[in-house]
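Encoded as C-alpha cells, the structure appears first; notes follow it.
A short reminder: the numbers here are calculations on the coordinates, not readings from a lab. Predicted model, so just to flag it, every value in this text is computed and none were measured. Cβ placement follows ideal geometry from the backbone for every residue including glycine, while neighbour counts extend to all protein chains displayed.
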Amino acid sequence: MFLRMKHVATPAEVSSSAPAAPLAAWGFLLFPGFPMACLTSAIEPLRAANEITGRPEFAWTLLGEAPGPVRSSASVRFDTDATLAEAAGLDALVCLSPPDARFLDPRRSEAALRLLARRGVTLGGFSGGVFPLMRAQALGRHTPSVHWCYEGAWAGEFPDRGTSRNAIQREHGRITVSGAGAVFDLMLRVIEERLGRALMTEVACWFQHPFVRDETALQARPVARAGGTEAMLPPPVREAVRLFGLHIEDPLAIAQVAAQVRLSERTLERAFRAATGETPLRYYRRLRLERGRQRVLYSTDTVTEIARSVGYSTSTDFARHYQEAFGVHPADERRRLAGLRGLAGAVPPDQQG
C-alpha cells in the first residue's frame, strides 16, 4: 500500500504570498519502520492551520536517505519528495524511525545532519528517531525525551547520556518527543506560537483534542496489570517504583526500598497489593524484565549482556523468568520481531542468543 502525503508548498512557492514572519518549513526524514502515527500527528495539525487561515502558513516535505518510498511500521509505504542531501529551505528537520534504525551511508548522512544544524536548522527526533540523531552526534547539549518503552535500549547504547521524563523536550536548538500524542501537542504549540491561541484552539477542536499538554508534562507510563498509570499510584508506591527504576542493574532489597519510603516492609507490601495487585518483589522483577525486553527488541546486545544489565547473574535465570512473563524465550522473540519488521539482518544471527 502506498500513500503520498504531499507537502502543501515549498518555501519558494510560498514566498510571494506569505506574511512577513518566516515560514515554518518542516522536513521529516523517514527511516524504514518509522512510526506512521508520529508523521500524521505532525502534519495534520499544520494542514488544518493552513486550511483554516486560507494561507500556506506551514510547509512540509518528506525526506529519505535515498530516493524512493519508505515503509512505515504499519507496512504502509510513503513516497518521499527529496533525499536528505537535497534538503533545503527548512526551519526544522525531524528524524522518524524505530530505535534500531541505521543510515545506509552513515558518514555522509550524519555529516549532512550536522551541517544543517550549523546552518541554523532545528533538529529533532520523534519516538525512536532520537536514536539516529544521537548516533550522528547531532543532539548537542540537548537532554532528550526518550519513550519509556525504549529506555532500556537507550541506556544500553548510551549509558552516559541522561534523558528527560518529559513527553516533549525543546532546548538548545533541538526537539525530541516521546510519542505520537505528544507530537500532536507539540504541533499545536507551534501553531499557537505562530498564529495565536484562538487559531490553535480551533485546530485542536477540529480533531476533538480537548487537552493540550504543556512542555513540562511527564510521559504517561502504564502500571503493569493495574489498568492505570504511574501518576495515579499512591505517593509511597510511586516513590518505590521510582527507586526500582533507578536500580535496574543493581537491584535493591525490598527492605531497603521500604526504609527509603518510610514504611515497614509489610505496609509497603499491602500498599503495592492494593495499588497494583502484585507484591513489591514481583512488580520489581517485572519492571526489570520489561527493561530487558526493550533491549531484546531494540538492541543487538546478546541475551547474556542483557541479563546482566537488568540485575541477573546468569542468562539462564533471565531467560526462564522472561519466558514465564512473556511466553517466549528472548532469542525467539527477537527473531520473530525481526521477521515482522521485514528488516532482514537487523540483528545478526550470531547475536541472537
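Taking every DSSP beta bridge that has both ends in region 2-206, the antiparallel portion is near 20%. Restricting the GluC sites (Glu not before Pro) of region 136-189 to loop positions (DSSP other than H, G, I, E, B) with no more than 15 neighbouring Cβ atoms within 10 Å leaves nothing. Put simply, the amide H of residue 60, placed in the peptide plane, has neighbours under 5 Å in 8, 9, 26, leaving out anything fewer than 5 places away on its chain. Less than 5 angstrom separates the built amide H of residue 93 from those of 27, 122, 123, 124, all sequence-distant by 5 or more or on a different chain.
Using every Cα-Cα pair within region 139-224, state what percent have a distance larger than 15 Å. For region 139-224, the fraction of Cα-Cα distances above 15 Å is 61 percent. Neighbours of residue 215 by Cβ distance under 11 Å: Lys/Arg scored +1, Asp/Glu scored -1, total 0. Of all DSSP bridge pairs formed entirely within the chain, close to 25 percent run antiparallel. Taking other C-beta atoms within 10 Å as the exposure proxy, 126, 272, 211, 103 rank 211, 103, 272, 126 from fewest upward. Ranked by how many other Cβ atoms sit within 10 Å of their own Cβ, fewest first, the residues 248, 52, 191 fall in the order 52, 248, 191.
Measure nothing fancy, just the Cα-based angle from helix 265-276's long axis to the longest principal axis of the chain, in degrees from 0 to 90, nearest 10. The two axes meet at around 40 degrees.
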